[in-house]
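One structure is given here, and the rest of the page talks about it.
The values are calculated or read from the model by the stated rules, or taken from the named source; none is laboratory data. Just so it is clear, the structure is predicted and the values come from calculations on it, not from any experiment. Cβ atoms come from the backbone with ideal geometry, glycine included; neighbour counts cover every protein chain shown.
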Amino acid sequence: MKRPNLEAGESPSCGSARIGRIGLPGRPAAPLAVLALVVTVLAATACSPSAPKSRVPGDWTSWRKSVDRVLNYTIPGHGDKARVIYVNAPGWEYAGRAGSGRLEFPEGTVVVKEIYASGNPAPGEKPVTLDVMVKAPGDPDSRGGWLWLVKDLASGKETVMTSTFCQTCHANANSPHPYGDKNPEGAFRDYLYFPPKPGP
Ligand code: HEC
């Protein structure tokens with residue numbers, strides 16, 4: 001059985017209690033296995049309204065960072081707290097093929113920006129918030145093709161920003177700007193200030 005992913009905000013109670021009741025003695029093994037499967041599916045379905053699916057994968061720290069250093073200069077929109085940016089594999093694979101110029105990331109690309117409590121986190125310190133972009137052009141909550149989310153790591157609560165607040169500022173990444181390589185050509189960068197750039 002799939003273990004609940006607590007990091008991703010899933011409820012630990014979903015499913016497990018019901019499965020326990022199937023262990024009746026003297027029943028043949030095969031039908032029990034089928035029954036177990038059916039009950040698992042039912043339990044998972046029954047749980048879904050109370051345990052909304054997380055949009056933010058729990059394994060972001062295993063992804064490659066788009067900027068090697070910790071960012072802690074003050075920026076509008078994200079303040080002066082330390083920030084670390086990770087991009088998942090589909091984003092890196094696309095960037096490897098795309099080269100320079102116009103960028104349009106594939107559906108399923110996820111960019112996670114960790115925000116720490118201070119400008120200088122101690123080694124091993126955990127972030128408090130994640131600002132996240134999930135490429136999902138078909139989602140009615142997407143703005144500019146991305147879902148814009150804020151995840152509070154203490155509570156696990158994820159908030160999808162349905163206003164254009166995040167998108168409007170990030171639109172500046174598609175023209176020359178003061179950050180990273182500054183996008184001097186003003187290429188469309190798909191709203192990313194620090195698009196992943198695979199090295200040689
Ligand atoms: C006023 C401008 C502004 C607003 C508003 C803003 N951002 Fe950003 N964002 C930036 C800048 C500048 C960066 C570059 C990285 C850094 O220095 O933190 C950035 C970086 C990011 C990144 C890393 C990807 C990249 O562009 O390199 C994510 C993810 C992100 N922001 C999410 C969000 C979300 C979600 C919101 C809304 C809740 C938001 N941002 C609102 C300016 C803004």
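On the given criteria, is LYS126 over 15 Å from VAL56 (Cα atoms), surrounded by fewer than 14 Cβ atoms within 10 Å (Cβ to Cβ) and at pLDDT 95 or above?
yes
Checking GLY156 against (1) among the small types (Gly, Ala, Ser); (2) under 16 Å from the mean Cα position of the chain (by Cα); (3) under 17 Å from THR109 (Cα atoms), only one condition comes out false. Which one?
Against the list (1) among the small types (Gly, Ala, Ser); (2) under 16 Å from the mean Cα position of the chain (by Cα); (3) under 17 Å from THR109 (Cα atoms), GLY156 comes up short only on (3).
Note down all Cβ pairs under 6 Å where the first residue falls in the range 66-77 and is under 15 Å from PRO178 (Cβ atoms), the second is more than 9 Å from the ligand (Cβ to nearest atom) and among the charged types (D, E, K, R), and they're at least six residues apart or on different chains.
THR74/ASP80
Starting from residues that are within 7 Å of the ligand (Cβ to nearest atom) and assigned to a strand (DSSP E or B), keep the ones in the range 67-92 and report whichever is modelled with the lowest pLDDT.
The extreme case among them is ILE75.
PRO195 fails exactly one of the following numbered conditions: (1) away from the ligand (no atom under 11 Å from the Cβ); (2) crowded, with 16+ Cβ neighbours inside 10 Å; (3) within 23 Å of THR61 (Cα to Cα). What is the number of that condition?
Status for PRO195: all satisfied but (1).
If only one of SER54, SER66, SER62 is surrounded by fewer than 19 Cβ atoms within 10 Å (Cβ to Cβ), within 22 Å of PRO123 (Cβ to Cβ) and among the hydroxyl-bearing types (Ser, Thr, Tyr), which one is it?
It is SER62.
What number goes with the only condition from (1) assigned to a loop (DSSP other than H, G, I, E, B); (2) in the same structural domain as VAL84 (by TED's automatic domain parsing); (3) without any contact (Cβ under 8 Å) to a residue 24 or more places away in the chain that TYR193 does not pass?
Going through (1) assigned to a loop (DSSP other than H, G, I, E, B); (2) in the same structural domain as VAL84 (by TED's automatic domain parsing); (3) without any contact (Cβ under 8 Å) to a residue 24 or more places away in the chain one by one, TYR193 breaks only (2).
Just checking, which of THR164, THR129, THR159 is within 9 Å of the ligand (Cβ to nearest atom) and either in the same structural domain as ARG64 (by TED's automatic domain parsing) or among the β-branched types (Val, Ile, Thr) (or both)?
Exactly one of THR164, THR129, THR159 is within 9 Å of the ligand (Cβ to nearest atom) and either in the same structural domain as ARG64 (by TED's automatic domain parsing) or among the β-branched types (Val, Ile, Thr) (or both), namely THR159.
Could you check the range 173-189 and list, in sequence order, the residues that are within 18 Å of GLY77 (Cα to Cα) and in contact (Cβ under 8 Å) with a residue 12 or more places away in the chain?
Selection gives ALA173, ASN174, HIS177, TYR179, GLY180.
Tell me which residues, restricted to the range 80-101, are over 13 Å from the mean Cα position of the chain (by Cα) and touching a residue at least 12 places away in the same chain (Cβ under 8 Å).
Hits for the range 80-101 are ASP80, LYS81, ALA82, ARG83, VAL84, TRP92, TYR94, ALA95, GLY96, SER100, GLY101.
Within the range 96-114, count every residue that is more than 11 Å from the ligand (Cβ to nearest atom) and among the acidic types (Asp, Glu).
Result for the range 96-114: 2.
With respect to the numbered conditions (1) within 8 Å of the ligand (Cβ to nearest atom); (2) touching a Cys at 6+ places or on another chain (Cβ under 9 Å), which one is the sole condition not fulfilled by TRP146?
Of everything listed in (1) within 8 Å of the ligand (Cβ to nearest atom); (2) touching a Cys at 6+ places or on another chain (Cβ under 9 Å), TRP146 misses just condition (1).
Quick one: is LYS182 under 16 Å from VAL67 (Cα atoms), more than 19 Å from the chain's Cα centre (by Cα) and in the same structural domain as ASP68 (by TED's automatic domain parsing)?
Spelling it out, it is not the case that LYS182 is under 16 Å from VAL67 (Cα atoms), more than 19 Å from the chain's Cα centre (by Cα) and in the same structural domain as ASP68 (by TED's automatic domain parsing).
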